[in-house]
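Everything below concerns the one structure shown next.
The values are calculated or read from the model by the stated rules, or taken from the named source; none is laboratory data. Quick caveat, the model's predicted, so the values are computed rather than measured. Because the Cβ atoms are built from the backbone with ideal geometry, glycine has one as well, and the counts that use them run over all protein chains shown.
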Amino acid sequence: MLNISNVSKTLGGQKLYSKASLQIYPGEKVGLVGANGTGKSTLFRMIIGEISPEEGQISFPKEMRLSYFSQSVGEMKGNSALDEVILGNEKIRNLKSKLTTFENQLASGELDDDEMNAVLIKMGDVQTDFEKLGGYDLETRAEEVLTGLGISPIDHSKLVDEFSGGWKMRIALAKVLVNIPDIIIMDEPTNYLDIETILWLEDWLKNFKGAVFMTTHDRDFMNGIVQKVVEISNGKATTYSGNYDFYEKERQVRRDQIKAEYRRQQEMLSKEEEFIAKFKARASHAAQVQSRIKKLEKIDRVEIPPEEATIAFEFSRPDRGGDDVVVLNDLGKSWTKSNGEELKIFEHLSATVKRLDRIAVVGVNGAGKSTLLKIICGTEEPSSGSVKIGPSIRMGYFSQYSLEVLTAENTVLEEVRSNLKNASDGFLRNLLAAFLFRGDDVEKKVKYLSGGEKSRLILAVLLSQKNNLLVLDEPTNHLDLKSREVLLNALSIYEGTVIFVSHDRHFLHKLTKKVLEVDSGGIKIYPGNYDYYLSKKS
């Protein structure tokens, strides 16, 4: 169906892949993984024809229908959300226009019998194509998909211009899903989606009859959908027949085998080179020496793939605070709309956060999860009730707005030094290395960092400031799989209290010890981990 054969590509002077090959067959669900900068998005752009490979070829049947979703949604304005999704299918739009033309010709009364028959034959062919592409139920599908992606029916008629960037992403995703393609190419489809929407999309893709080729930073999402993983690493594309968990285990097995093979080959080479060095000056052994030299020249040398080194870093132990870290007493929050109407976000929230708690704050979109965190941190005032922070509590707060307080002209090292003034240069470099800033990365200016790199920089500082309470609002946003594991490992050994919001289920499963579910009626406390919460909800 989709064949990528011996493809080579260089970008910005860096060789992304050399003679990379992979195949995707009809109906296959395939995940694409690799470190940032290895060329995952570049591969997608080559498949859709936006750029070309330097060598090799990408081929698929001429009649194959392909849809592509990326983080760049393009310009969307002037249409309602529903019309934007319907009008996004250019083929259906053109076929519908032709059908309208034929209908007008037939209704005009100006055609003789032969002309009418000719129009009816053409119209029949167009109707067949229109039906095959799902043109007759396109509006129904568009409504279902928009609703599934969290845009309520009441907002389907709302102009696209009125939606924020994250919601426009959902509309762009809906345009891709309603097309009934043979294959969907998806670059990070779960960004900006909440858990309910991610679960809906996961279920939709499982039941989708066509093929899917996607990259995502959501481990559980990939595990739930794909049956094959392609890894881009060291300029090569390697295929693993299983989900992401299988890929991780099998990758380690293959690496161990390569290392063992490398050791055996090195022992053999050492013996051969020792023989050559010992006897190369003796005429009696000249033929043997030459034979062994030729043998070594023909050997295909085993190469050990570069390791993604992890740095063991010991974080400073925060000072102990009080046992009652945060006390919420009958807390409420509401907004006053422009028409004077009061909109209640939540009310009657009472709870106590204890020392060393790992609390996940959950709830549907708009329940007020981020608002609650802001009130706890003092950046937002409650409408009623109170928040009491316990004695000797030092708080660190991460939100998506935290990225805006970084100093653009600072280097990474200068930025972290400005927040940890008493730390040694060695400590700072080791800290940055633990959060994947290595070598020349520490001299990169903040203004050139990606969203994920900025998040890692802020989180590194928060975990090193001896804060004994961390309040984290979507800390995994923008982080790739490797960065999420780094953060998860750091928080797992952190000796303080954590209150967090996340839509990453793997993160929730690994970190959560207690769940606070927020809704308009108050807070419900689940005194167990995320699995316990899900079992009670089900």
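For the stretch 421-462, which positions are among the basic types (Lys, Arg) and assigned to a helix (DSSP H, G or I)?
Arg429, Lys447, Lys454, Arg456
Answer yes if at least one residue in the stretch 393-412 is in a helix (DSSP H, G or I), crowded, with 21+ Cβ neighbours inside 10 Å, in the same structural domain as Asp480 (by TED's automatic domain parsing) and not basic (Lys, Arg), and no otherwise.
Yes, that holds for at least one residue.
Out of the stretch 445-468, which residues are touching a strand residue (DSSP E or B) at 6+ places or on another chain (Cβ under 9 Å) and of a type in the set (Gly, Ala, Ser)?
The answer is Ser455, and nothing else.
When you scan the stretch 319-331, do you find a residue that is within 30 Å of Ile198 (Cα to Cα), touching a residue at least 40 places away in the same chain (Cβ under 8 Å) and charged (D, E, K, R), even just one?
no
Go through the stretch 349-367 residue by residue and tally those that are touching a residue at least 40 places away in the same chain (Cβ under 8 Å) and within 17 Å of Asn329 (Cα to Cα).
6
From Val446, Val471, which residue is within 26 Å of the chain's Cα centre (by Cα), assigned by TED's automatic domain parsing to the domain that holds His503, of a type in the set (Val, Ile, Thr) and within 23 Å of Thr371 (Cα to Cα)?
Sole residue among the options that is within 26 Å of the chain's Cα centre (by Cα), assigned by TED's automatic domain parsing to the domain that holds His503, of a type in the set (Val, Ile, Thr) and within 23 Å of Thr371 (Cα to Cα): Val471.
Before we move on, is Gly528 under 22 Å from the mean Cα position of the chain (by Cα) and surrounded by fewer than 18 Cβ atoms within 10 Å (Cβ to Cβ)?
no
Please tell me if Asp203 is in a helix (DSSP H, G or I), under 30 Å from Lys77 (Cα atoms) and either modelled with pLDDT of 95 or more or not β-branched (Val, Ile, Thr) (or both).
Taking the combined requirement at face value, the residue satisfies it.
Condition first: at pLDDT below 90, outside any helix (DSSP H, G or I) and crowded, with 16+ Cβ neighbours inside 10 Å. Can you find one or more residues in the stretch 157-173 that meet it?
yes
Working carefully through the options Asn234, Asn243, Asn223, find the one that is at pLDDT below 85 and within 30 Å of Arg505 (Cα to Cα).
Going through Asn234, Asn243, Asn223 in turn, just one is at pLDDT below 85 and within 30 Å of Arg505 (Cα to Cα): Asn234.
Only one residue in Val126, Val73, Val119 is at pLDDT below 90 and not in a helix (DSSP H, G or I). Which one?
On inspection, the qualifying residue turns out to be Val73.
How many residues are buried (at least 23 other Cβ atoms within 10 Å of the Cβ) and touching a strand residue (DSSP E or B) at 6+ places or on another chain (Cβ under 6 Å) if we restrict to the stretch 502-511?
Total satisfying the criteria: 1.
Return the pairs, sorted by first residue and then second, in which the second residue is part of a strand (DSSP E or B) and aromatic (Phe, Trp, Tyr), the first residue lies in the stretch 16-42 and is in contact (Cβ under 8 Å) with a residue 24 or more places away in the chain, the beta carbons are less than 8 Å apart, and the residues are 6+ apart or on different chains.
Here the result reads Ile24/Phe213; Val30/Phe213; Leu32/Phe213; Gly39/Tyr17, each pair linking the stretch 16-42 to a residue that is part of a strand (DSSP E or B) and aromatic (Phe, Trp, Tyr).
Quick grid of which residues meet (1) under 30 Å from Val498 (Cα atoms); (2) modelled with pLDDT under 90; (3) surrounded by 12 or more Cβ atoms within 10 Å (Cβ to Cβ):
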| residue | (1), (2), (3) |
| --- | --- |
| Arg264 | no, no, no |
| Lys278 | no, yes, no |
| Glu307 | no, yes, no |
| Phe315 | yes, yes, yes |
| Val325 | yes, no, yes |
| Asn339 | no, yes, no |
| Glu347 | yes, yes, yes |
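Considering every residue within the stretch 134-142, establish whether at least one is over 19 Å from Ser70 (Cβ atoms), without any contact (Cβ under 8 Å) to a residue 40 or more places away in the chain and among the aromatic types (Phe, Trp, Tyr).
There is at least one residue in the stretch 134-142 that is over 19 Å from Ser70 (Cβ atoms), without any contact (Cβ under 8 Å) to a residue 40 or more places away in the chain and among the aromatic types (Phe, Trp, Tyr).
Against the definition (within 16 Å of Val178 (Cα to Cα), modelled with pLDDT under 85 and among the charged types (D, E, K, R)), how does Lys91 come out, yes or no?
Details: within 16 Å of Val178 (Cα to Cα): yes; modelled with pLDDT under 85: yes; among the charged types (D, E, K, R): yes.
So Lys91 passes the test.
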